[in-house]
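Below is one structure, written out as structure tokens; comments come after it.
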Amino acid sequence: QVQLAESGGGSVQSGGSLTLSCKVSGNTRKTYCMVWFRQIHGQGREGVASIDTAGGTTYADSVKGRFTISQDNDKTTLSLQMNNVTSEDTGIYYCAAATGWRPCLPTFSPAEWGSNIGTWGQGTQVTVSS
């Protein structure tokens, strides 16, 4: 079992910065890919950034150049550094631990990942104001 707990969300002004964290625990032997998702109110969850076991990262076009995903050496903490945020970044942010054979990319939706994402945390709210 993998347990995930997101934190660090809050209110931030447009153009500001915020860092989100995801605590990872439990059995992670089958995890090869960590992904940050976000959910805009009334819409589904979309991938934001991903990082594989070798430290390779990939970003959605909407956040490329502004967000940075990273993971501690012991793999217990996943982070998302958000810079120059805009109102389009407002939403609930979730982290997920992926298994299976899909490439480690934020392109895939939760439906496309299917059972390869077994658990979700409670999410953390990010609100960008003017």
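Hey, any idea what % of the chain's accessible area is carbon plus sulfur with a 1.4 Å probe? Could you put the intermediate results ahead of the total?
Working: 3200 of 6710 Å².
The computed percentage sits at 48.
Let me spell out the model: positive unit charges on the Cβ of Lys and Arg, negative unit charges on the Cβ of Asp and Glu, origin at the Cα centre of the chain. What dipole size does that give, in debye rounded to 20?
On the way: 9 positive and 9 negative charges, 48 e Å.
In total the dipole reaches around 220 debye.
Amide H to amide H under 5 Å from Val2: which residues, 5+ apart in sequence or cross-chain, H placed 1.01 Å off N in plane?
Answer set, sorted by chain and number: Asn27.
When the helices in the chain are scored as -39500 (n - 2.57) per DSSP H run of 4 or longer and the sum is shared across all residues, what 222 nm value do you end up with, to the nearest 500 deg cm²/dmol? Numbers along the way, then the final one.
Working: 1 runs with 4 residues, N = 130.
So the helix-based figure for the chain works out to -500 deg cm²/dmol.
Please calculate how many Å² of accessible area the chain carries per residue, with a 1.4 Å probe and no DNA, RNA or ligand atoms counted. All intermediate terms of the calculation are to be shown ahead of the outcome.
Numbers: 6710 Å² over 130 residues.
Result: 52 Å² per residue.
Return the inverse of the average 1/r over all pairs of distinct C-alpha atoms in the stretch 1-129, which is the Kirkwood hydrodynamic radius, in Å to one decimal.
Working: mean 1/r = 0.0692 Å⁻¹.
14.5 Å is the Kirkwood radius here.
Quick one: check the C-alpha center-to-center distance for the stretch 97-120 versus the stretch 1-38, whole angstrom.
Each part's Cα centre sits 15 Å from the other's.
Each residue of the stretch 8-22 in order: what ³J(HN,Hα) in whole Hz does its phi give by Karplus 6.51 cos²θ - 1.76 cosθ + 1.60, θ = phi - 60°, with x for Gly and Pro?
x, x, x, 9, 8, 6, 4, x, x, 10, 7, 10, 9, 10, 9
The values are calculated or read from the model by the stated rules, or taken from the named source; none is laboratory data. Since the structure is predicted, the reported quantities are computational estimates derived from the model, not experimental observations. As a convention, Cβ positions derive from the backbone with ideal geometry for all residues, glycine included, and neighbour counts pool all protein chains shown. For the accessible areas, the whole protein counts, side chains as well, though only heavy atoms, and no ligand, DNA or RNA atoms are used. Shrake-Rupley method; radii C 1.70, N 1.55, O 1.52, S 1.80 Å.
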